[in-house]
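Novice: What follows is a single structure, and I will ask about it in a moment.
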Amino acid sequence: MSDRDLVVLGVGMHPWGKWGRDFTEYGMVAARAALKDAGIEWKDVQYVAGADTIRNGYPGFIAGATFAQKMGWTGARVSSSYAACASGAMSLQTARASILAGFCDVAMVIGADTTPKGFFAPVGGGDRKNDPDWLRFHLLGATNPAYFALFARRRMDLYGATSEDFAQVKVKNSLHGLNNPYARFRKENAVEDVLNSPVVSDPLRLLDICATSDGAAAMIVTSRAFAEKHLGSLKGVPRIKAVSTSTPTYPQTLLEMPDFATDSSAVVAPPARGFKDSICWDAYEEAGVGPEDLSMAEVYDLSTALELDWYEHLGLCAPGEAEGLLRSGATTIGGRIPVNPSGGLSCFGEAIPAQAIAQVCELVWQLRGQAEGRQIENAKLGITANQGLFGHGSSVIVGV
Amino acid sequence: MSETATSNASQVPAIEGWFTLDQNPHLIGSQCTACGTYVFPPREGACPSPLCDSDELTATPFSRFGTVWSYAENRYAPPLPYRAAEPFEPYALVAVQLEKEGIIVLGQAPKGILAKDLKVGMRMQLETDVLYREDGIDYMVYVWAPAVQDEVAGGAK
């Protein structure tokens, strides 16, 4: 193993759902599950890396300290990270940097959220004419699903994708998540179910779009030295091989939330790799692997059509070929490169600060052969891909 | 657009300085005086390019015509701070690519232009429409409409 690998000693989650309880309660359940899975005690954790939730007031902004206090102060160091939907991965990177720098050996990475019903809207009241997130709602009514719809429509008009193709992503993911005890939606969906659900933002229907959920995920990551002492052998133990939290390179030419416009490519030519490609490829380069080495991928299916975009950003197929890859069965469990074996956001809904951590938890269970009812045979290497507002995104590579 | 033609309400932009409200409206963006790159929405201060250290951007009219990059149609009323009409009528959002500026700008389509009327690659032109009405004042916003005018005569140069 590489000297820069980080050992994942334990993972834990609180099931996803919609209960409206305090987010710290969910976090505590996930934290205790991760500690138990790691076989260590809370007092052994030297560093708590919290992923912020901006929807739960000031305790959410200081997530590291909030969870540390909830578990009972132990003098551990803390950090709190905000990177929208990539907050969980940014927390992992913070813990990773601290461990690899030798400042600590054992860290907890944790995120939890309680979400309101319906469309996400800007946080906080009042007129905020300098805030692009406030303005895109006020001037355009540009909801998150509207941006997802722009990308879906591109696939239809450029590549001939159909509503049936998008529905087939939902069908696949609903099958994958059917037996996942942490998934919120565990119901088989047929193509007709999706096509009969109401159009929210044309061309996307209700069942094409991920819900907003409550949930929590945590993991215990350690230095190699600590894990060797604790476990004896690291054979078959999942390790973090790369964490990319890359921002775009100017000019960013994809119209992403919450922007009114792309950057201009009139003077500076667009980079060879666009934003979402670079998130994935920076991770590949850091781990020294490529798409051909993967056993699986957990991608951010904010919509069914965006899952197809990720096939291409990840290099699982060429641009325009994602529908073909889906139809071939390659991305279904049992296929060449299963995507979203957990059931994805389609079965979970989005609990923002927990989601990027949950993606890594699934890879860990798959790599250990513990993904009951959804196990990928002989899984050796997996990647996550994730996208957030304000130029955030992440990709994590985990292998055994 | 039809609503404003018959209305006596006075018109003000829903946001200052982003577009003109004349017969041939156009967006107002910013351009770097040193490297020439563009940015929208308009702003002051530093050039957005990492290759340029200029601190001077000037307001500049954007091309009035462009092509559809993509589009969507909202079938449910967006949440506040969007002020949805009641009853809510579906409306389209259009992302339009401006060739000279090398930029894609998202806007609403005029009332009545829906997804079925649009296609990636279609020519569009900038117009204005009522976003909401309050106390007898029409708050106006820029919209992307299918191009009908002669681009040479009607285009902002």
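Novice: Going by what's in this entry, would B:Arg43 be described as crowded, with 20+ Cβ neighbours inside 10 Å, charged (D, E, K, R) and more than 7 Å from chain A (Cβ to nearest Cβ)?
Specialist: Working: crowded, with 20+ Cβ neighbours inside 10 Å: no; charged (D, E, K, R): yes; more than 7 Å from chain A (Cβ to nearest Cβ): yes.
Criteria not met by B:Arg43.
Novice: Looking only at the stretch A:93-115, count every residue that is within 21 Å of A:Pro15 (Cβ to Cβ) and either of a type in the set (Asp, Glu) or out of contact with any helix residue (DSSP H, G or I) (no Cβ under 7 Å at 6 or more places or on another chain) (or both) and tell me the total.
Specialist: Step one: filter the stretch A:93-115 for residues within 21 Å of A:Pro15 (Cβ to Cβ), giving A:108-115.
Now restrict to residues that are either of a type in the set (Asp, Glu) or out of contact with any helix residue (DSSP H, G or I) (no Cβ under 7 Å at 6 or more places or on another chain) (or both): A:113.
Of the residues in the stretch A:93-115, 1 are within 21 Å of A:Pro15 (Cβ to Cβ) and either of a type in the set (Asp, Glu) or out of contact with any helix residue (DSSP H, G or I) (no Cβ under 7 Å at 6 or more places or on another chain) (or both).
Novice: Something else now. Taking the criterion of being at negative phi, outside any loop (DSSP other than H, G, I, E, B), open to solvent by 20 Å² or more (accessible area, probe 1.4 Å) and more than 9 Å from chain A (Cβ to nearest Cβ), would at least one residue in the stretch B:142-149 satisfy it? Show your work before the answer.
Specialist: Let us first name the residues in the stretch B:142-149 that are at negative phi, namely B:142-149.
With the extra rule that they be outside any loop (DSSP other than H, G, I, E, B), the set shrinks to B:142-146.
Cutting the leftovers down to open to solvent by 20 Å² or more (accessible area, probe 1.4 Å) gives us B:146.
Still in the list and also more than 9 Å from chain A (Cβ to nearest Cβ): B:146.
Yes, that holds for at least one residue.
Novice: Considering (1) within 11 Å of chain B (Cβ to nearest Cβ); (2) in a helix (DSSP H, G or I); (3) surrounded by 15 or more Cβ atoms within 10 Å (Cβ to Cβ); (4) of a type outside the set (Gly, Ala, Ser), say which one A:Asp165 fails and leave the rest.
Specialist: Of the numbered conditions (1) within 11 Å of chain B (Cβ to nearest Cβ); (2) in a helix (DSSP H, G or I); (3) surrounded by 15 or more Cβ atoms within 10 Å (Cβ to Cβ); (4) of a type outside the set (Gly, Ala, Ser), the odd one out for A:Asp165 is (1).
Novice: Being modelled with pLDDT of 95 or more, within 11 Å of another protein chain (Cβ to nearest Cβ) and either within 30 Å of A:Val200 (Cβ to Cβ) or part of a loop (DSSP other than H, G, I, E, B) (or both) narrows it down to one residue among B:Gly29, B:Gly66, B:Gly36; which is it?
Specialist: Values: B:Gly29 fails: either within 30 Å of A:Val200 (Cβ to Cβ) or part of a loop (DSSP other than H, G, I, E, B) (or both); B:Gly66 fails: within 11 Å of another protein chain (Cβ to nearest Cβ).
So the residue among B:Gly29, B:Gly66, B:Gly36 that is modelled with pLDDT of 95 or more, within 11 Å of another protein chain (Cβ to nearest Cβ) and either within 30 Å of A:Val200 (Cβ to Cβ) or part of a loop (DSSP other than H, G, I, E, B) (or both) is B:Gly36.
The rows are residues; the columns are (1) closer than 30 Å to A:Ala242 by Cβ; (2) in contact with a Lys or Arg (Cβ under 9 Å, 6 or more places away or on another chain); (3) away from every other protein chain (no Cβ under 14 Å).
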residue	(1), (2), (3)
A:Cys85	yes, no, yes
A:Phe103	yes, yes, yes
A:Val123	no, yes, no
A:Trp134	no, yes, no
A:Phe137	no, no, no
A:Phe151	yes, no, no
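Novice: Given the criteria of a type outside the set (A, V, I, L, M, F, W, C), modelled with pLDDT of 95 or more and under 17 Å from A:Leu139 (Cβ atoms), does B:Pro48 qualify? Step through it out loud before you land on a result.
Specialist: On the way: of a type outside the set (A, V, I, L, M, F, W, C): yes; modelled with pLDDT of 95 or more: yes; under 17 Å from A:Leu139 (Cβ atoms): no.
In short, no.
Novice: Please go through the stretch A:18-60 and pick out each residue that is modelled with pLDDT of 95 or more and on the phi > 0 side of the Ramachandran plot.
Specialist: A:Gly39
Novice: A follow-up question, please. With the condition kept exactly as written, say whether any residue in the stretch A:248-259 is in a loop (DSSP other than H, G, I, E, B), of a type outside the set (A, V, I, L, M), in contact with a Leu (Cβ under 9 Å, 6 or more places away or on another chain) and open to solvent by 50 Å² or more (accessible area, probe 1.4 Å). Can you show your working first?
Specialist: First, pick out the residues of the stretch A:248-259 that are in a loop (DSSP other than H, G, I, E, B): A:248-259.
With of a type outside the set (A, V, I, L, M) added as a condition, the list becomes A:248-253, A:256, A:258-259.
Of the ones still in play, those that are also in contact with a Leu (Cβ under 9 Å, 6 or more places away or on another chain) are A:248, A:250, A:256, A:258-259.
Next, only the ones that are open to solvent by 50 Å² or more (accessible area, probe 1.4 Å) stay: A:259.
Yes, the stretch A:248-259 contains at least one residue that is in a loop (DSSP other than H, G, I, E, B), of a type outside the set (A, V, I, L, M), in contact with a Leu (Cβ under 9 Å, 6 or more places away or on another chain) and open to solvent by 50 Å² or more (accessible area, probe 1.4 Å).
Novice: Here are some residues: A:Lys229, A:Lys241. Which one is outside any strand (DSSP E or B) and either at pLDDT 95 or above or within 14 Å of chain B (Cβ to nearest Cβ) (or both)? Walk me through it before giving the result.
Specialist: Working: A:Lys241 fails: outside any strand (DSSP E or B).
On inspection, the qualifying residue turns out to be A:Lys229.
Novice: Same structure, new question: If you go through the stretch A:274-297, how many residues are within 14 Å of chain B (Cβ to nearest Cβ) and in a loop (DSSP other than H, G, I, E, B)? Show your work before the answer.
Specialist: Step one: list which residues in the stretch A:274-297 are within 14 Å of chain B (Cβ to nearest Cβ), which gives A:274-275.
Pick out the ones that are also in a loop (DSSP other than H, G, I, E, B) and you get A:274.
Summing the residues that are within 14 Å of chain B (Cβ to nearest Cβ) and in a loop (DSSP other than H, G, I, E, B) in the stretch A:274-297 gives 1.
Novice: Out of the residues in the stretch A:190-207 that are open to solvent by less than 10 Å² (accessible area, probe 1.4 Å) and not small (Gly, Ala, Ser), which is farthest from A:Pro15 (Cα to Cα)?
Specialist: Initially, the stretch A:190-207 is screened for residues open to solvent by less than 10 Å² (accessible area, probe 1.4 Å), giving A:194, A:201, A:203-204.
Remaining after also requiring not small (Gly, Ala, Ser): A:194, A:203-204.
On the way: A:Val194: 24, A:Pro203: 30, A:Leu204: 27 Å.
Filtering first and then ranking leaves A:Pro203.
Novice: Tally the residues that are out of contact with any Leu (no Cβ under 9 Å at 6 or more places or on another chain), more than 10 Å from chain A (Cβ to nearest Cβ) and open to solvent by less than 50 Å² (accessible area, probe 1.4 Å), restricting the search to the stretch B:89-121.
Specialist: So the answer is 2.
Novice: Collect the residues in the stretch A:220-247 that are over 18 Å from the mean Cα position of the chain (by Cα) and open to solvent by 40 Å² or more (accessible area, probe 1.4 Å), keeping them in residue-number order.
Specialist: If the condition is that a residue be over 18 Å from the mean Cα position of the chain (by Cα) and open to solvent by 40 Å² or more (accessible area, probe 1.4 Å), then A:Arg224, A:Ala225, A:Phe226, A:Glu228, A:Lys229, A:His230, A:Leu231, A:Gly232, A:Ser233, A:Lys235, A:Gly236 are the ones that fit.
Novice: If you scan the stretch A:370-400, which residues turn out to be assigned to a strand (DSSP E or B), in contact with an Asp or Glu (Cβ under 8 Å, 6 or more places away or on another chain) and of a type outside the set (S, T, N, Q)? Spell out how you get there, then give the answer.
Specialist: Within the stretch A:370-400, the first condition is being assigned to a strand (DSSP E or B), and the residues that meet it are A:381-387, A:393-399.
From what is left, the residues that are in contact with an Asp or Glu (Cβ under 8 Å, 6 or more places away or on another chain) are A:381-385, A:387, A:395, A:397.
If the condition is that a residue be assigned to a strand (DSSP E or B), in contact with an Asp or Glu (Cβ under 8 Å, 6 or more places away or on another chain) and of a type outside the set (S, T, N, Q), then A:Leu381, A:Gly382, A:Ile383, A:Ala385, A:Ile397 are the ones that fit.
Novice: For the stretch A:168-189, state whether one or more residues are surrounded by fewer than 24 Cβ atoms within 10 Å (Cβ to Cβ), of a type outside the set (Lys, Arg), facing chain B (nearest Cβ under 10 Å) and in contact with a strand residue (DSSP E or B) (Cβ under 8 Å, 6 or more places away or on another chain).
Specialist: No: zero hits.
Novice: Which ones in the stretch A:20-58 are in contact with a Ser or Thr (Cβ under 6 Å, 6 or more places away or on another chain) and within 15 Å of A:Ile357 (Cα to Cα)?
Specialist: Across the stretch A:20-58, the qualifying residues are A:Ala49, A:Gly50, A:Ala51, A:Asp52.
To keep it simple, each residue is scored yes or no on (1) closer than 18 Å to A:Pro341 by Cβ; (2) open to solvent by less than 20 Å² (accessible area, probe 1.4 Å).
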site	(1), (2)
A:Pro270	no, no
A:Pro291	yes, no
A:Glu298	yes, yes
A:Leu314	yes, yes
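Novice: Of all residues being in contact (Cβ under 8 Å) with a residue 24 or more places away in the chain and in contact with a Pro (Cβ under 8 Å, 6 or more places away or on another chain) in the stretch A:249-273, which is farthest from the other protein chains (Cβ to nearest Cβ)? Just the residue, please.
Specialist: Among residues in the stretch A:249-273 that are in contact (Cβ under 8 Å) with a residue 24 or more places away in the chain and in contact with a Pro (Cβ under 8 Å, 6 or more places away or on another chain), the one farthest from the other protein chains (Cβ to nearest Cβ) is A:Pro258.
Novice: Only one of (1) open to solvent by 10 Å² or more (accessible area, probe 1.4 Å); (2) more than 11 Å from the chain's Cα centre (by Cα); (3) not polar (S, T, N, Q) is not met by A:Trp310, so which one is it?
Specialist: Looking at each condition in turn, A:Trp310 falls short on (1).
The values are calculated or read from the model by the stated rules, or taken from the named source; none is laboratory data. Predicted, not measured: the structure shown is a model, and the values here were computed from it. Because the Cβ atoms are built from the backbone with ideal geometry, glycine has one as well, and the counts that use them run over all protein chains shown. Accessible surface is based on the protein model in full, side chains and every heavy atom, while ligands, DNA and RNA are left aside. Shrake-Rupley method; radii C 1.70, N 1.55, O 1.52, S 1.80 Å.
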